[in-house]
Amino acid sequence: MGLFTRFRKGKTDHSVDDDEVLARLSANSELRRQREQADLQRDIARATALKIDAIEAAMAADMFDDPEPTFRRPPRPTPPAQQDGNTLPLLDGAVTELLGDEETPAEAAAAERAPVVEEAALLYAGGDAAAARQLLAAAVAGDSGAPGARDRTAWWMLFDLYHVLGEQDAFDDLAIDYASTFETSPPSWQPPPAGADGYSGVAPTVQFSGMLDERAVTQAERLRTAADAPVLRVDFSRVLAVTPAGCGPVLDALRAVSPQRELQLAGAGELVAHLRALLDVGRRDEGEAPWLLLLELLRLLNREKEFEEAAMDYCVTFEMSPPQFVAPGNVANTPRQAGAPAADRYLLPHVIEADVEPLLAAIRAYAGQGATLVFDCSHLVRIDLAAGGQLLGCLRALAQEASRRIELRELNHLVAALLRLLGFADVARLFPHRY
């Protein structure tokens, strides 16, 4: 006897027909389906939340004490008697550093001396970029038992190699793998600086510090009248707070920089944060200068979306048309470097090889400016072994003759690995650029 036959037999007692039974069964089935779907959605939500927590924990570890080879040192305040006015005590986390063995974490030193890192650095220094690329690509992929799959130094070297070779597609593919492997934000492609690759020499540095107030006029005037070098560096890393009185002179000086010069900004992102904290939409108490300086910095940093949002806030506040976004021409941005000396930097050339005596002579002349020598390596893409040895000998002599402090900053990771292998860390402090 079928199900519906039974229901028919009981129809006179319960007044239930087949259609009503089907409707009840369908309703029960739909209710169960909805409950199962809700349970599934809750499980997915819990899993997603756990994944987000894991990624945030990994990012926090990257920012602070992750055991990757970040080459950081703890802060070391300089005693007041030793401060010369040109430097401030090192602050933690300003940039990544390569230091001597006694100051380098064991795992970082091991990564820097990994066979694949040393071999790739030597191959690249010898001009065999193809072989270095093949070795590093195999290492990060874990081919042939290579240990580099979890060694970020090898990844950073490969990122730099793709950048030197101009292979953006390969760079972007590696960035996807990097994000998947380390569960952190990957590097993004940055166009190489244009216009000053062939220049080698002193790059004037204008540094703003402390409270950006009416006293900023002095630094702003130096920015206006800086030596006519193709590269000009403006450092906001030590700015602690901003007042409206300091914004106008800085804005005018930045606008006066010729677009034909390469402008290097340090700590501009932090200055943007100080300005945002000062301003409120609809309030005109601070005047236009802080708003216009904020817009100019966002333009120079090429943050078009943030520029448009701030421009709309400016329009609402002052009821007038804001400046238009114009893509920056020849502008480079580096992270905050609160521990960096205030001295003018010597910009090293694109490649150091063959006859380096003219370069060494220029470096010796630059050394006459003071006890702190800072070399800007942002344009330097390669040093060959012979030239590296001669440069090391020159720097060693300069360090010994006057107890000079020597720094090489914004190194790419291929060159940094070679310099450490050659022993540069014994005479200079090495600061690779940060990914």
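The values are calculated or read from the model by the stated rules, or taken from the named source; none is laboratory data. If you're wondering where the values come from, they're calculated on a predicted model, not measured in any experiment. Cβ coordinates were reconstructed from backbone atoms using ideal geometry, including for glycine residues, and neighbour counts include every protein chain displayed.
Using the structure shown, decide if ALA416 is small (Gly, Ala, Ser) and surrounded by 18 or more Cβ atoms within 10 Å (Cβ to Cβ). Yes. Scan region 362-381 and give yes if some residue there is under 23 Å from ARG152 (Cα atoms), hydroxyl-bearing (Ser, Thr, Tyr) and not assigned by TED's automatic domain parsing to the domain that holds LEU254, otherwise no. Checked region 362-381: at least one residue is under 23 Å from ARG152 (Cα atoms), hydroxyl-bearing (Ser, Thr, Tyr) and not assigned by TED's automatic domain parsing to the domain that holds LEU254.
Return yes or no: is LEU251 free of Cβ contacts under 8 Å to residues at least 60 places away in the same chain and crowded, with 20+ Cβ neighbours inside 10 Å?
Numbers: free of Cβ contacts under 8 Å to residues at least 60 places away in the same chain: yes; crowded, with 20+ Cβ neighbours inside 10 Å: yes.
The answer is yes for LEU251.
Selection over region 313-341 of residues that are in a loop (DSSP other than H, G, I, E, B), buried (at least 17 other Cβ atoms within 10 Å of the Cβ) and small (Gly, Ala, Ser) gives a count of 3.
Give region 383-421 a look and list any residue that's assigned to a helix (DSSP H, G or I) and within 23 Å of the chain's Cα centre (by Cα), or say none. Before the answer, list the steps.
Here is the first cut: in region 383-421, the residues assigned to a helix (DSSP H, G or I) are 385-402, 413-421.
Selection gives HIS413, LEU414, VAL415, ALA416, ALA417, LEU418, LEU419, ARG420.
Checking region 327-338 against the condition returns no match, with no residue being touching a His at 6+ places or on another chain (Cβ under 7 Å), touching a residue at least 24 places away in the same chain (Cβ under 8 Å) and not acidic (Asp, Glu).
ALA310: of a type in the set (A, V, I, L, M), in a helix (DSSP H, G or I), under 29 Å from the mean Cα position of the chain (by Cα) and exposed (fewer than 15 other Cβ atoms within 10 Å of the Cβ), yes or no? Talk me through it step by step, then tell me what you get.
Numbers: of a type in the set (A, V, I, L, M): yes; in a helix (DSSP H, G or I): yes; under 29 Å from the mean Cα position of the chain (by Cα): yes; exposed (fewer than 15 other Cβ atoms within 10 Å of the Cβ): no.
No: the conditions fail for ALA310.
I need the full set of residues from region 256-297 which are in a helix (DSSP H, G or I), within 17 Å of VAL331 (Cα to Cα) and of a type in the set (A, V, I, L, M, F, W, C), in order please. Once the filter is applied, which keeps residues that are in a helix (DSSP H, G or I), within 17 Å of VAL331 (Cα to Cα) and of a type in the set (A, V, I, L, M, F, W, C), region 256-297 yields ALA256, ALA268, LEU271, VAL272, LEU293, LEU294, LEU295, LEU297.
Only a single criterion out of (1) over 30 Å from ARG284 (Cα atoms); (2) of a type in the set (S, T, N, Q); (3) touching a Cys at 6+ places or on another chain (Cβ under 7 Å) is not satisfied by THR334, namely (3).
Is it true that VAL239 is under 30 Å from TYR199 (Cα atoms), modelled with pLDDT under 90 and touching a strand residue (DSSP E or B) at 6+ places or on another chain (Cβ under 6 Å)? If you could, list the steps in order and put the result at the bottom.
Values: under 30 Å from TYR199 (Cα atoms): yes; modelled with pLDDT under 90: no; touching a strand residue (DSSP E or B) at 6+ places or on another chain (Cβ under 6 Å): yes.
When the stated conditions are applied, VAL239 does not pass them.
The single condition among (1) aliphatic (A, V, I, L, M); (2) modelled with pLDDT of 95 or more; (3) in contact with a strand residue (DSSP E or B) (Cβ under 9 Å, 6 or more places away or on another chain) that LEU360 does not meet is (3). Among what's in region 371-387 and is under 19 Å from VAL164 (Cβ atoms) and among the small types (Gly, Ala, Ser), pick the residue that is surrounded by the most Cβ atoms within 10 Å (Cβ to Cβ). Checking each candidate, the answer is SER378.
To keep it simple, each residue is scored yes or no on (1) surrounded by 15 or more Cβ atoms within 10 Å (Cβ to Cβ); (2) among the polar types (S, T, N, Q); (3) closer than 17 Å to HIS413 by Cβ.
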{"residue": "ASP151", "(1), (2), (3)": "yes, no, yes"}
{"residue": "PHE159", "(1), (2), (3)": "yes, no, yes"}
{"residue": "HIS163", "(1), (2), (3)": "yes, no, yes"}
{"residue": "GLU167", "(1), (2), (3)": "yes, no, yes"}
{"residue": "ALA170", "(1), (2), (3)": "yes, no, yes"}
{"residue": "ASP173", "(1), (2), (3)": "no, no, no"}
{"residue": "SER180", "(1), (2), (3)": "no, yes, no"}
{"residue": "GLU183", "(1), (2), (3)": "yes, no, no"}
{"residue": "PRO187", "(1), (2), (3)": "yes, no, yes"}
